[in-house]
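Asker: Below is one structure. I have some questions about it.
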Amino acid sequence: MSWRSKQGTDLLKSHDWLVQRSQTVLLHGARLIDPSTGLDKTADVLIDRGKITKIGKINRDELKGYVELDLRDKILTPGFQDMHAHFGQPGHEDRETLTTGICAAAAGGYTGVSITPDTDPYIDNAGIVKWIQDQTSGSPVNVVPVASVARDDEGRRLTEVDDIFHMGVRVFSDTGRPAATPEIMRRALEYMKLHNLTISSRAQETSLAAGGVVREGPVSTRLGQKPWPSIAESMAVAKSLLLALHTGSKLHLEAVSSVESLDLIRWARERGVKVTCDTTPHHIALTDEATETFDGNFKTSPPLGSKRDKDALIAAIMDGTIDAVAADHVPLTDEECLVEYSLVPDGVVGLETAVGVLAKVLGKGKPDWNKLITLLAIRPREILELPPATIATGSTADLTIIDPEAVWTVDPARFFTKGHNTAFGGWQLPVKSLGIINRGWTLIAPDARMLVK
Amino acid sequence: MALKSTHLLGLRDVPAEDITAILDSAVAFKEILSRPVPKVPTLRHVTVVNAFFENSTRTRISFELAEKRLSADVVNFSASASSVNKGETLIDTIRNLEAMKIDLVVMRHPLPGAPNLLAKYCDSKVINAGDGSHEHPTQALLDMMTLREVYGDFNKLRVTLVGDISHSRVALSNIFGLTTMGAQVAVCGPPTLIPRDIEHLGVKVYHDLDEAIAKSDVLNVLRIQLERQDSGLFPSKREYHQTFGVTSERLAASNKPLTILHPGPINRGLELDGDVADGPHSVILQQVTNGVAVRMAILYLIAGGEK
Amino acid sequence: MPEKEVRLMDEMDIQRSIARLAHEIIERNRGVDHLGIVGIRSRGVHVAERIAKQMSEIVGRELTTGVLDVTMYRDDFRTRKVGPGMQVTEIPFDIDGCTVLLVDDVLYTGRTSRAALDALMAYGRPSRVQLAVLVDRGHRELPIKADFVGKNIPTSSSENVQVHMKEMDGSDEVVLMRGGRAND
């Protein structure tokens, strides 16, 4: 079952990926961009036993038994890190397994993925954290379990935070198990101060969401769909922010989607609240109008917002209000999607399309690379309290290769993820990840195999 | 004059010429209903399934009569939630029926967009007989047929929908259809029962029934579901009747000719007083008769259209 | 193939045919008592009206006509899909026990007449039904024969006979078309 059992490498190879474990790798001619150090130059990089040993002119004669990649016109960045992907395993292996999830992440350029606790059983004890760590050890993608804040579905009892902390977990999420009352959320935030941990909240006031399926507005009215008002989010965001202000604890808000939420986050930051937030590619690329055809591939949580929301999210990314972009990867089976719109579970897959969608939305294919890499690689690691992935001599080689000139069409049939529920099927995207280098693995996409000398 | 539409999923995108074609044909079908033998052999070769995923006795009977008067073979299928409980999906259910050689599905479903799903993934032609609070195009067309009989055309006709707009399956179809045909549509009800941003559909909003009456030629009074008072959408039946009940006193005070429609079934004494429902302003029974004629016209035109 | 038109009857020819048909109908029925005239949509209606007008002049009292739409009874619904729009049938008299004279413009395969017979029966039980047509062009596919024929015109099945009526087409004439739309 584990990565070491070859299941993952076999899956990648069956898609014509090049999978290597090489001692010495020479990356030739790439543009190196690392916003954390301000690095932006074209140079060769030498990797030996998983570490970057040299950046600059490299004398090939001194090397023996090395693999060389010709990365001229390509960009090398710190490896991408996702914030909250649903990998299904354990319990929902028909949607995704750790193996297919890891391959999907690698294909999207991610070297690390935080996975949500809403598995079956929940990630709410040290044992299950250990199981996931064992299953994914040695994989080319770091799989980082996020634990559940609550240990019961009603959101009343706290998980054993200290026990789980000692397994290396730094972030606790309320996904699927929102705190039953503001009092319980308050105590949870306070308890996290035991180790200065972060609560990652998917803030939605369920009583206001009231079973809604389309963002309340002209579109939900026109379609007769049960409305999900934006205040369901902003009310919950306000509550969480006030509790974070009161407790002084660290709060991360997932998949923020409305103008009002952004205003509240700015208000809270001015008052010193330790709050970070992310949004998703689909919320900055699409609006509620996408749901007009009753296509379940546009059913998300929170629902797609208005054009005003979308524009505000993009502005908030540019001005730094939004720290990171999370793919918010939720694979579903085809059967789950071929039902009435209201019955389709919320969520879309996203790991394999995130960088392309971001590049398209944020720069019409010519994005500000520093910004894009900050959103996908730098800030996520900071928020998740993971070691940074830095392009510097002596650092761990944790890298993503991207082709800034690529033009490609999204075809769900070619995904690694088991979920075909993409909101971007048929889209033509700029910028593509060509592979990752991490933990001694070199993974190269089929369309980039000719880069290997 | 085949329709531009293959299915009848809703009136939102149905062009004026299609609506006119349906209403014109319906006039001819209404005459058939008055014959000593009110039946024609036209759809002898057509098998229609009435797939009702929620109860609606009136709509089902109206469709069934229309189908039988066109000599179609009719199969009734009521699933409620039972097949969903068994894990069978809507698409599986209909594909199963299709394997038994059917041509047309008339579907009633509690969830918006269910007929659109069917039209996309199944081979049959689909007629929407009401999908949640989305559309109920045949009801709107029979309302329109009735209004055309009274007024001749829809130009500048002022029609106000009164009551629970949010949860109505009739409201949107009426708004789309009447607006397409040049009528001026308004809605009237408590703010809790009117969906946000409905002005974007080109309708006026009234919260005062007397004002609405003063500015309308037609009131289409919608049914109030009693469970709405339990979800806090209005305080009591008594207060609803006082503020939005259509009574003969209100109509007398307005002192103008007015036509009253109601899609049924009526809560007498709540949204509509009995003496108004049975009174000279009411065309409610005419709506019921027209329902069969309109549905015959739709079945005829959809069954005969290109796939 | 370009359409070619040959005029077979002009306004005067049609007028003469109608006059003769009116006389024959009255003679064969020994008057107009218990006789109901029904035109088949669409041009049969105008032929019926003209015959009725002529007969009214002969017998000295106003004869009314009915209108029959046979769309719903056609046997080609499956193959030609929806054709002409459904229009209203109006028969302003009780057909039970009376002689109904069905009137059409052209008799060809006999299928329209068959549909008309079926349609008529939905209104009651006439004691007798007769058929009058302005033109009989042959090629019957069903055992149907007109009781009164204005003019027999032998044709080939690739040809097409069109009756034009002033009320609908602006002129009165009967033309033979080659390669045009087939007669119904």
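Asker: Please compute the modelled spin-label separation between A:R21 and C:V59, points set 7 Å along Cα→Cβ, answer in nm with one decimal.
Answerer: 10.7
Asker: Only sites in a loop by DSSP and with at most 15 other Cβ atoms within 10 Å count here; which GluC sites (Glu not before Pro) in the range C:92-184 make the cut? Could the numbers behind the result be given before it?
Answerer: Values: sites: C:E141, C:E159, C:E167, C:E173; in loops: C:E141.
For GluC sites (Glu not before Pro) across the range C:92-184 that sit outside H, G, I, E and B with at most 15 neighbouring Cβ atoms in 10 Å, the list reads C:E141.
Asker: With +1 on the Cβ of every Lys and Arg and -1 on the Cβ of every Asp and Glu, and nothing else charged, how large is the dipole of the range A:79-384 about its Cα centre, in debye rounded to the nearest 20? It would help to have the intermediate numbers written out before the result.
Answerer: Details: 30 positive and 42 negative charges, 233 e Å.
About 1120 debye.
Asker: Using a ≥ b ≥ c from the Cα gyration tensor of the range A:79-384 (square roots of the eigenvalues), is it rounded, prolate or oblate, where a/c under 1.5 gives rounded and otherwise the larger of a/b and b/c decides, a/b for prolate?
Answerer: Working: a/c = 1.26, a/b = 1.14, b/c = 1.10.
The shape class here is rounded.
Asker: Oh, and also: For A:D48 and B:D123, what is the calculated FRET efficiency with R₀ set at 56 Å and r taken between the beta-carbons, to the nearest 0.05? Let's see the in-between values first.
Answerer: On the way: r = 61 Å, r/R0 = 1.10.
Computed FRET efficiency for A:D48 and B:D123: 0.35.
Asker: So, one more: For the Cα atoms of chain B, what angle does the longest principal axis make with the long axis of helix B:171-180, in degrees from 0 to 90, nearest 10?
Answerer: Once rounded, the angle reads 90 degrees.
Asker: Another question about this same structure. From the phi angles alone, apply the Karplus equation (6.51, -1.76, 1.60; θ = phi - 60°) to the range B:271-279 and give each ³J(HN,Hα) in whole Hz, x where the residue is Gly or Pro.
Answerer: Going residue by residue, I get 7, 8, 6, x, 5, 6, 4, 9, x Hz, with x marking Gly and Pro.
Asker: Taking R0 as 25 Å, what's the FRET efficiency between B:T192 and B:K215 from their Cβ-Cβ distance, rounded to 0.05? All intermediate terms of the calculation are to be shown ahead of the outcome.
Answerer: Numbers: r = 22 Å, r/R0 = 0.89.
My answer for the efficiency is 0.70.
Asker: At most 16 other Cβ atoms within 10 Å and a DSSP loop assignment: could you name the trypsin sites (Lys or Arg not before Pro) in the range B:1-81 that fit? Intermediate results must be reported in sequence, preceding the final value.
Answerer: Numbers: sites: B:K4, B:R12, B:K30, B:K39, B:R44, B:R58, B:R60, B:K68, B:R69; in loops: B:K4, B:R12, B:K39, B:R44.
Here the sparse-neighbourhood loop sites are B:K4, B:K39, B:R44.
Asker: Now for a separate question. Taking 31 Å as the cut-off for C-alpha to C-alpha distance, list the pairs among A:K6/A:K360; A:K193/A:K299; A:K41/A:K360; A:K299/B:K237 that go past it.
Answerer: The answer is A:K6/A:K360; A:K193/A:K299; A:K299/B:K237.
Asker: By its C-alpha gyration tensor, with a ≥ b ≥ c as the square roots of the eigenvalues, how is the protein assembly as shown shaped: rounded for a/c under 1.5, else prolate for a/b larger than b/c, else oblate? Provide the component values of the computation, followed by the final result.
Answerer: Details: a/c = 3.27, a/b = 2.02, b/c = 1.62.
Here the protein assembly as shown falls in the prolate category.
Asker: Which percent of Cα pairs goes in each bin when the distances of chain B are cut into 20 angstrom slices starting at zero?
Answerer: Values per bin, smallest distances first: 34, 57, 9.
Asker: Taking the Cα centre of chain C as the origin, how large is its charge dipole in debye, to the nearest 20, when only Lys and Arg (+1) and Asp and Glu (-1) carry charge on their Cβ atoms? All intermediate terms of the calculation are to be shown ahead of the outcome.
Answerer: Numbers: 26 positive and 29 negative charges, 104 e Å.
Taking the Cα centre of chain C as origin, the dipole is about 500 debye.
Asker: Here's a follow-up. What's the angle, to the nearest 10 degrees (0 to 90), between helix B:16-33's Cα axis and the longest principal axis of chain B?
Answerer: 80
Asker: Which of the trypsin sites (Lys or Arg not before Pro) across the range C:37-74 are loop residues per DSSP, with 13 or fewer other Cβ within 10 Å?
Answerer: On the way: sites: C:R41, C:R43, C:R50, C:K53, C:R61, C:R74; in loops: C:R41, C:R61, C:R74.
Answer in residue order: C:R61.
Asker: Moving to a separate point now. Report, as an integer, the average count of C-beta atoms from other chains found within 10 Å of each Cβ along B:12-25.
Answerer: Values: counts 3, 0, 0, 0, 0, 0, 0, 0, 0, 3, 0, 0, 4, 6.
The mean count of partner-chain Cβ atoms within 10 Å per residue comes to 1.
Asker: Suppose each label sits 7 Å from its Cα in the direction of the beta carbon; what would the B:T6-C:D10 distance come out to in nanometres?
Answerer: Output for this residue pair reads 5.3 nm.
Asker: Something else now. I need the phi-derived Karplus couplings for the range A:158-172: 6.51 cos²θ - 1.76 cosθ + 1.60, θ = phi - 60°, integer Hz, Gly and Pro marked x.
Answerer: Those phi angles translate into 7, 5, 7, 4, 5, 4, 6, 4, 6, 8, x, 7, 10, 10, 10 Hz.
Asker: With a Förster radius of 30 Å, plug the Cβ-Cβ distance of B:M100 and C:D118 into 1/(1 + (r/R0)^6) and report the FRET value to the nearest 0.05.
Answerer: Working: r = 29 Å, r/R0 = 0.97.
Efficiency at R0 = 30 Å is approximately 0.55.
Asker: May I pose another question? For the range C:95-161 and the range B:1-80, what is the separation of their C-alpha centers, rounded to whole Å?
Answerer: The distance from the Cα centre of the range C:95-161 to that of the range B:1-80 comes to 31 Å.
Asker: Now, a different point. Based on Cβ point charges of +1 for Lys and Arg and -1 for Asp and Glu, what charge dipole magnitude is obtained for the protein assembly as shown about its Cα centre, in debye rounded to the nearest 20?
Answerer: Values: 108 positive and 123 negative charges, 241 e Å.
Using Cβ point charges on Lys, Arg, Asp and Glu, the protein assembly as shown gives about 1160 debye.
Asker: Residues of the range C:119-141 with backbone nitrogen within less than 20 Å of a virtual label 7 Å along the Cα-to-Cβ line of C:D94, please, listed as ranges.
Answerer: Label zone hits: C:120-129.
Asker: Further, regarding this structure: For the Cα atoms of chain A, what angle does the longest principal axis make with the long axis of helix A:354-363, in degrees from 0 to 90, nearest 10?
Answerer: 80
Asker: I would also like to ask the following. Count, for each residue of B:37-47, the Cβ atoms from other chains sitting within 10 Å of its Cβ, then give me the mean as a whole number.
Answerer: Numbers: counts 5, 1, 2, 8, 9, 6, 3, 3, 2, 2, 0.
Partner-chain Cβ atoms within 10 Å, mean over residues of B:37-47: 4.
Asker: Would you work out if chain C is rounded, prolate or oblate? Take a ≥ b ≥ c from the square roots of the eigenvalues of the alpha-carbon gyration tensor; rounded if a/c is under 1.5, else prolate when a/b is larger than b/c, oblate otherwise.
Answerer: Working: a/c = 1.80, a/b = 1.24, b/c = 1.45.
Taking the square roots of the gyration eigenvalues as a ≥ b ≥ c, chain C is oblate.
Asker: Please rank C:E62, A:E190, fewest neighbouring Cβ atoms within 10 Å first, as an exposure proxy.
Answerer: Working: C:E62 8, A:E190 14.
Going from least to most buried by this count: C:E62, A:E190.
Asker: Let me ask you something else. Hey, got the average number of other protein chain Cβ atoms within 10 angstrom for residues in B:132-143? Display every interim value, and only then the final one.
Answerer: On the way: counts 7, 6, 6, 2, 1, 0, 0, 0, 0, 0, 0, 0.
Partner Cβ neighbours, averaged per residue: 2.
Asker: What list of ³J(HN,Hα) values in whole Hz, one per residue of the range A:99-111 in order, does the Karplus curve 6.51 cos²θ - 1.76 cosθ + 1.60 (θ = phi - 60°) give from phi, with Gly and Pro shown as x?
Answerer: 5, 5, x, 4, 5, 4, 4, 4, 5, x, x, 8, 9
Asker: While we're on this one: Name the residues whose placed amide hydrogens come within less than 5 Å of the amide hydrogen of A:E340, ignoring near sequence neighbours (fewer than 5 apart) on the same chain.
Answerer: B:L90
Asker: At 7 Å along Cα-to-Cβ for each site, give me the label-to-label distance between B:D230 and A:L194 in nm.
Answerer: 4.2
Asker: 5 Å is the cut-off here: which amide hydrogens, built 1.01 Å from N in the peptide plane, fall below it relative to B:V246, excluding neighbours closer than 5 in sequence?
Answerer: B:L272, B:D273
Asker: Sticking with this one: Considering amide H positions built from the backbone, and no H for Pro or chain starts, which residues 5 or more places from B:F52, or on another chain, come under 5 Å of its amide H?
Answerer: B:F77, B:S78, B:A79, B:R108
Rule-based calculations on the coordinates, nothing more; no lab input. These numbers were taken from a predicted model, which means no experiment stands behind them. Neighbour counts run over all protein chains shown; Cβ positions are idealised from the backbone, glycine included.
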